[in-house]
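Heads up: the structure comes next, in structure tokens.
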């Protein structure tokens, strides 16, 4: 079975490519290596010393006996190369990670907002358009986010569709309304609209995995050799909350909780991410199926509870800092996630000792941590809203 | 009061710019003149002989005494020029027509799909981003389409928001779910998602006018002099249904009804379009308001009834041809459109003798009609869906 992994050099993409390769799939990574260039732009580096893509792939061949091919293509701007790659590979499935994936980065400046929209929307639309043009019956597995619905609801978030009663009493199943909290999240909503259209119009088979916040570093496959290590981000833009806490603890930095830490979020460990993608591929939608949406998360935690848990384990202090995001101080979150479990996912949990693995990684590479890069410097809004004082903006 | 009209050289933009100028507004047109380039691409021309933008504007100055300024900017690709224009103009309102607006054109080929997404989404997002960067409290009036909701409902389409009852009995007002019927319509859904985000995050004031199918040619202002005439499209890509019938009648061509003609659509005359835009500008949302969505249409007709009406008036034959769109043969359409009427719109109707004006225009310029350009050659899908025979595709 042939698989293209778009964005296969990144934090989720690399361990997914290895996992699929280890399971006997014929994997080709398509990536323009932009994530490495963004490290350079932000003057930051992965906590773990990752190798070049060529070194990674040679080493994987040597250690596993499996060959992963690589194509350097910017799918947002090189449609010709993309469609040639699709025709050449004729893949059974495509895993699409090739999007700018950090909300703070997407809000950093006008340039970053515009880059995120251009890269994510043109990339996704080129892919959909190319699948139709090449007349391929390929299953597209896209990494979306739980965040497309916002976090204001308080009622369970279903898997993509919501049954409602209309004013005249009729019951109807609708696509769950969007409520993105950043330009990044907005691009994932736009992707979703495009999936529904291409599914209806052209019969494209699409699974949109609405993922929670990923934590952890290593998977079974990346741990085979130090040269296969996964990237690990701890900086204010790309470092996700739990991983950031664990690095902060390892280097003796207070755990930086944004606002009151009352935000409740959905989490998943990277080892579960790669399982979920494989399960989605192995159980594709049927040709006539609508877009399949699965909530790819395994547990829900309040941010300040996570901080307390890490603090209790490590003795680290907790610092409450200004929240760069515009969001409610406190929210509840209930998520339906039976879909992937029905496909066979047996999730790991925060209680399974996996926090120690991340702490070990952070300890091992603590000399590579640049403390100045830890705070989030992106602002969701740089000016007060019209009619609002600057103080209100800061307080929101 | 200063107004930027983006796309002010086009079919809706030009009469709107003149109408606002005639009402004393200080108007600047921003346009990259791409619509004229598309005429060249399609080897077709406006039925009416339109003048160059410079000639139009000189003539307007001469006839009306009002000056309209012009800037040639591609807002999707020249962010720098866009933001400079915004800062220089410091407009009270922006009317945004600068999008590729034909569904058949958007489905013509992969290149046309990709152009429509790139032009419409990057243009709209650049505009939103620039308004925030320039810190302008400008009211953005965007031309959307009724078609963002699809035509399958059978229940009244409200103005953007829908009150539903959730499974647990809670009542909530949601953004009306999208169901775009073409890549063009999908881009208007994406715009809408972006408006909601920038409204919530940055307090941008946005009115999204969900317009029906525009018919007619001239407005009071474009009729002042032949050199101010509005463009008029009758070709298979840009010619909208009623205008196309009237041209067909004028040249003795059968009225080409797609499928059974059972499609029910919303209509508005161009003279009402320009009024609606002015009314939206003169009644802006308050700073804290959510995105305002108004259905900009005045009457609903079934396509085959329109054909019969034109046939009875003109004696033209009716030809039922294959429908290039993938849609239901027959649909009902109910639309709530009280918003603009509450703002003061007194609509004209098909019964008001305005069809004769279009027939006169068509008669006057019948020698310019290229009969070969009348059929719609775009196909919504060029291959059968996976698992479907070619015959089923053709029959759908």
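The values are calculated or read from the model by the stated rules, or taken from the named source; none is laboratory data. If you're wondering where the values come from, they're calculated on a predicted model, not measured in any experiment. Because the Cβ atoms are built from the backbone with ideal geometry, glycine has one as well, and the counts that use them run over all protein chains shown.
Below, the figures for the structure above:
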| read-out | value |
| --- | --- |
| Identity of the residue in the stretch B:282-304, away from every other protein chain (no Cβ under 14 Å) and in a loop (DSSP other than H, G, I, E, B), that ends up nearest to the chain's Cα centre (by Cα) | B:297 |
| Of residues in the stretch B:221-268 being over 21 Å from residue B:104 (Cα atoms) and under 21 Å from the mean Cα position of the chain (by Cα), the one surrounded by the fewest Cβ atoms within 10 Å (Cβ to Cβ) | B:223 |
| One residue from A:110, A:15 being over 28 Å from residue A:132 (Cα atoms), touching a helix residue (DSSP H, G or I) at 6+ places or on another chain (Cβ under 7 Å) and free of Cβ contacts under 8 Å to residues at least 24 places away in the same chain | A:110 |
| Among (1) buried (at least 18 other Cβ atoms within 10 Å of the Cβ); (2) more than 14 Å from chain A (Cβ to nearest Cβ); (3) within 30 Å of residue B:380 (Cα to Cα) - the single one residue B:325 does not satisfy | (2) |
| Some residue of the stretch B:336-351 being farther than 23 Å from residue B:238 by Cβ, touching a strand residue (DSSP E or B) at 6+ places or on another chain (Cβ under 7 Å), touching a residue at least 24 places away in the same chain (Cβ under 8 Å) and assigned to a helix (DSSP H, G or I) | yes |
| Some residue of the stretch B:311-319 being within 25 Å of the chain's Cα centre (by Cα), modelled with pLDDT of 90 or more and more than 14 Å from chain A (Cβ to nearest Cβ) | no |
| Filter result (touching a helix residue (DSSP H, G or I) at 6+ places or on another chain (Cβ under 7 Å) and surrounded by fewer than 23 Cβ atoms within 10 Å (Cβ to Cβ)) within the stretch B:29-39 | B:33 |
| Residue within the stretch B:185-196 that is more than 22 Å from residue A:188 (Cα to Cα) and either more than 7 Å from chain A (Cβ to nearest Cβ) or surrounded by fewer than 22 Cβ atoms within 10 Å (Cβ to Cβ) (or both) present | no |
| The stretch A:96-120: number of residues that are away from chain B (no Cβ under 14 Å), outside any loop (DSSP other than H, G, I, E, B) and farther than 27 Å from residue B:116 by Cβ | 1 |
| Residue selected from the stretch A:134-165 under the condition touching a residue at least 24 places away in the same chain (Cβ under 8 Å) and at the interface with chain B (Cβ under 7 Å from one of its Cβ atoms), by the criterion surrounded by the most Cβ atoms within 10 Å (Cβ to Cβ) | A:137 |
| Test for residue A:168: is it out of contact with any helix residue (DSSP H, G or I) (no Cβ under 7 Å at 6 or more places or on another chain), farther than 16 Å from residue A:289 by Cα and either within 10 Å of chain B (Cβ to nearest Cβ) or without any contact (Cβ under 8 Å) to a residue 60 or more places away in the chain (or both) | yes |
| Selection count where residues are touching a helix residue (DSSP H, G or I) at 6+ places or on another chain (Cβ under 6 Å) and part of a loop (DSSP other than H, G, I, E, B), scope the stretch A:362-379 | 3 |
| All positions within the stretch B:376-396 that are exposed (fewer than 14 other Cβ atoms within 10 Å of the Cβ) and modelled with pLDDT of 90 or more | none |
| Search result, residues across the stretch A:21-52 that are in contact with a strand residue (DSSP E or B) (Cβ under 6 Å, 6 or more places away or on another chain) and under 25 Å from residue A:79 (Cβ atoms) | A:26, A:27, A:28, A:29, A:30 |
| Some residue of the stretch B:80-98 being closer than 27 Å to residue B:359 by Cα and either touching a strand residue (DSSP E or B) at 6+ places or on another chain (Cβ under 7 Å) or touching a residue at least 24 places away in the same chain (Cβ under 8 Å) (or both) | yes |
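To keep it simple, each residue is scored yes or no on (1) closer than 21 Å to residue B:192 by Cβ; (2) out of contact with any strand residue (DSSP E or B) (no Cβ under 8 Å at 6 or more places or on another chain).
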{"position": "A:121", "(1), (2)": "yes, yes"}
{"position": "A:144", "(1), (2)": "yes, no"}
{"position": "A:148", "(1), (2)": "yes, no"}
{"position": "A:161", "(1), (2)": "yes, no"}
{"position": "A:168", "(1), (2)": "no, yes"}
